[in-house]
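Take a look at the structure set out below.
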Amino acid sequence: MKMFSKEGVEMVDVKSITRDGERLVIKGKVMGAMTTTILVNPEDCWQAARLLGLRVILCLPLLLAKGFWTSRKKAEG
């Protein structure tokens, strides 16, 4: 999964998200050069949910469905 700035510059390339006990382990590259491992604690997940807000959280299933169908169409065509 890649994340881009509004100018279209690749900022983060997430290679994997796994679990280590209670923490999430995110591995990837930042700015295309620096390999990194990010550890996310349960408290951090809660803070992220608060940043998203209820309206965004409620839209997540729709975003996931759109992403799924778009990726399927690209794979077929």
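Only the coordinates and a few stated rules stand behind these numbers; no lab work does. The model shown is predicted, which means the values in this text are computed figures rather than measured ones. Methodologically, a virtual Cβ is constructed for each residue, glycine included, from the backbone with ideal geometry; neighbour enumeration extends over all protein chains shown.
Where nothing but the Cβ of Lys and Arg (+1) and of Asp and Glu (-1) is charged, how large is the charge dipole of segment 31-77 around its Cα centre, in debye to the nearest 20? Don't skip to the answer; put the middle values down first.
Details: 6 positive and 3 negative charges, 66 e Å.
Magnitude of the dipole: close to 320 debye.
7 Å from Cα along Cα→Cβ at both residue 2 and residue 76: what's the point-to-point distance in nm?
Once both label points are built, they end up 2.5 nm from each other.
Could you work out how much longer the chain between residue 47 and residue 24 gets when fully extended? Use 0.36 nm per residue separation minus the Cα distance between them, nm to one decimal.
Details: separation 23, 0.36 × 23 = 8.28 nm, distance 1.40 nm.
Result for the pair: 6.9 nm of gain on full extension.
To the nearest 20 debye, what is the magnitude of the charge dipole of segment 1-40 about its Cα centre, counting +1 on the Cβ of each Lys and Arg and -1 on the Cβ of each Asp and Glu? Walk me through the numbers on the way to the answer.
Details: 7 positive and 5 negative charges, 15 e Å.
Result for segment 1-40 is approximately 80 debye, rounded to the nearest 20.
Where does the charge balance sit around residue 12 when Lys and Arg score +1, Asp and Glu -1, over other residues with C-beta under 13 Å from its C-beta? If you can, show how the numbers build up before the last one.
Numbers: positive: 2, 15, 27, 29; negative: 10, 13.
Summing Lys/Arg as +1 and Asp/Glu as -1 gives +2.
P(r) tail for the chain, what percent of Cα pairs lie past 14 Å? Provide the component values of the computation, followed by the final result.
Working: 2166 of 2926 pairs.
That fraction is 74 percent.
Working only with C-alpha atoms, what are the Rg and Dmax values of segment 1-40, expressed in angstrom?
Cα radius of gyration and Dmax of segment 1-40 are 11.1, 37 Å respectively.
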